[in-house]
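Below is one structure; the comments refer to it alone.
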Amino acid sequence: MKIVTIIGARPQIIKAAAISRAIHTHFKDQITELIVHTGQHYDDNMSAIFFTEMGIPTANYNLSVGSGNHGVQTARMMEGIESILLNEKPDALLVYGDTNSTLAGALAASKIHIPVVHIEAGLRSYNKAMPEEINRITCDHCSTLLFSPTNQGIANLVKEGFSTSTHAKASIDYPLVFKTGDIMFDNSMFFSSIANEKQGLVETLQLTPGGFILCTIHRDSNTDKPEHLNQIIRGLLQIQRVSNQAIVLPLHPRTRKKMTELLEPAVAEELQGNTSIQVIDPAGFLDMISLESNCSLVITDSGGVQKEAFFFKKPCIILREQTEWVEIVENGNALLVGSSEAKLIEAYHQLTNKKDFTYPPFFGDGHASEEICRLMIEHL
């Protein structure tokens, strides 16, 4: 079987490692994989480093699309992907998650009758103001095989008319839906021992294991609105004072630029003067794994990071009004605060005083990637 895998944003590059590893280890005589990198994230720290660190094969094609408005970016990707698909004639196209690269791949392939395989199918925030929500819904309804990481994802698809009954061969008109577990759980378990042996940033930044807070901020709803960005940073400053712990803040280049432009002078001055809040460049995956597994608390607006916090049994404050990972909120492992300074501080106190955390196996057994490969062979 010949498949084309579409990647473009940082999380997809990481997710691709799990499937590529499963193919190489268990299915190399049955599956040939070609990788297309759309270039949606083109900063070297956000892309190339992950290929090197995680042993992902070099992309067979790179579209070098870069940033841009949603319509322009998606159209350029579709044009490039369609051309590759017509040339390569694969048996299926594999996409991950909910980015513009995901949408472009699903639309391009489905329109020329190439089956789409969607990993992380069925996730819903039920907030269509989020571009990711539009992408994931559209992709699911273009797909032939839908692999959901959780029971909630399956339930969401059933609400939208998908059937969970199985039959021998899948098609776009008769798609198949499976719960496989989460490939990021596969990755986190596989790489955690390597990451902690390296220590990396934990050692470089002179952090005490269990004695610092990890925070990431990148969503437009938080970075592009001055009131929201200032409230979050004020909340972080207050939490640092109350906790007396270091806060590590790996920032996308775009977020750093927005902070320079939009932070109130007093807030910017206080942040700059607080040496316990360490603003650093985007971290490589192994460094992020090390930071996540060694911190005391995670504060994030990233879907992937909030889930990884659960993998490493860390409480999490989510800087969003909704999350697609509802299980961790319903189980009490994470709290939604939006961009509210008051809610952020309240959530910090609530989570640090909570003693009865549990970690059910919502995300599978660490072998999702092998199950996905097996199901592709069986049903395509």
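Each value in this text was obtained by applying a stated rule to the coordinates, not by laboratory testing. Everything numeric here is computed off the predicted structure, so don't read it as measured data. With ideal geometry, Cβ positions are generated from the backbone for all residues, glycine too; neighbour counts draw on all protein chains shown.
Among ARG76, ARG136, rank each residue by its count of other Cβ atoms within 10 Å, from fewest to most, as a rough exposure measure. Show your work: numbers first, answer last.
Numbers: ARG76 19, ARG136 27.
So the ranking, lowest neighbour count to highest, is ARG76, ARG136.
Work out the length of the dipole vector of region 193-353 about its Cα centre, built from +1 on the beta-carbon of each Lys and Arg and -1 on the beta-carbon of each Asp and Glu, and round it to the nearest 20 debye. It would help to have the intermediate numbers written out before the result.
Details: 14 positive and 20 negative charges, 23 e Å.
The calculated dipole for region 193-353 is roughly 120 debye.
Cα axis of helix 253-262 to longest principal axis of the chain: angle in degrees, 0 to 90, nearest 10?
40
Provide the packing ranking of 252-264, 289-301, 97-109, 334-346, i.e. peptides ordered by the mean count of other C-beta atoms within 10 Å per residue, highest first. Walk me through the intermediate numbers first.
Numbers: 252-264: 15.8, 289-301: 23.7, 97-109: 26.9, 334-346: 18.9.
By packing density, highest mean first, the sequence is 97-109, 289-301, 334-346, 252-264.
Obtain the nm distance between the two label points defined at GLU378 and VAL72 by a simple spin-label model: each point lies 7 Å from its Cα along the Cα-to-C-beta direction.
Between GLU378 and VAL72, the simple spin-label model gives 4.6 nm.
Whose amide H sits under 5 Å from the amide H of ARG320, counting only residues 5 or more places off or on another chain, with H placed in the peptide plane?
VAL337, GLY338
Provide the net charge surrounding VAL65, with neighbours chosen by a C-beta distance below 11 Å and charges set as Lys +1, Arg +1, Asp -1, Glu -1. List each step's numbers first, then the result.
Values: positive: ARG76; negative: GLU79.
Combined, the nearby Lys, Arg, Asp and Glu give 0.
Can you tell me the relative contact order of region 315-376? Whole percent, Cα pairs under 8 Å, sequence separation 6 or more. Intermediate values should be presented prior to the final figure.
Values: 46 pairs, mean separation 18.8, N = 62.
Value for region 315-376: 30 percent.
On full extension of the chain, what length is gained from GLU79 through ASP220, given 0.36 nm per residue of separation minus the C-alpha to C-alpha distance? Spell out each step's value before the answer.
Working: separation 141, 0.36 × 141 = 50.76 nm, distance 2.62 nm.
Working it through step by step, the gained length comes to 48.1 nm.
For PHE162, list long-range residues whose amide hydrogen, built 1.01 Å from N in the peptide plane, is under 5 Å from its own amide hydrogen.
none
Using amide H atoms built 1.01 Å from N in the peptide plane, name the residues 5+ places from PHE363, or on other chains, whose amide H lies under 5 Å from its own.
Amide H to amide H, under 5 Å and 5 or more residues apart or across chains, PHE363 pairs with nothing.
What 222 nm value per residue comes from the helices of the chain, counting each DSSP H run with n ≥ 4 as -39,500 (n - 2.57) and dividing by all residues, nearest 500 deg cm²/dmol? Numbers along the way, then the final one.
Values: 17 runs with 184 residues, N = 380.
Estimated from H runs of four or more residues: -14500 deg cm²/dmol.
Can you give the relative contact order of the chain as a percent, counting alpha carbon pairs under 8 Å and 6+ residues apart? Don't skip to the answer; put the middle values down first.
On the way: 719 pairs, mean separation 62.7, N = 380.
Here the relative contact order equals 17 percent.
Of the listed values (i) 17.5; (ii) 24.9; (iii) 25.9, identify the label whose number matches mean projected area of the Cα convex hull in nm² calculated from this model.
(i)
Hey, if you put +1 on the Cβ of every Lys and Arg and -1 on every Asp and Glu Cβ in the chain, which of ALA18, ASN60, HIS113 ends up farthest toward the positive end of that dipole?
Among ALA18, ASN60, HIS113, the one farthest towards the positive end of the dipole of the chain is HIS113.
Would you look at the GNM of the chain, springs on alpha carbons closer than 10 Å, and say which of ASN187, ASN60, ASN353 moves the most?
The residue with the greatest mean-square fluctuation here is ASN353.
Based on Cβ point charges of +1 for Lys and Arg and -1 for Asp and Glu, what charge dipole magnitude is obtained for the chain about its Cα centre, in debye rounded to the nearest 20? Kindly include the intermediate steps, with their values, before the conclusion.
On the way: 31 positive and 43 negative charges, 34 e Å.
Computed about the Cα centre, the dipole is about 160 debye.
Which of THR223, ILE299, PHE285 sits farthest toward the positive end of the charge dipole of region 193-353, with +1 on the Cβ of Lys and Arg and -1 on the Cβ of Asp and Glu?
PHE285
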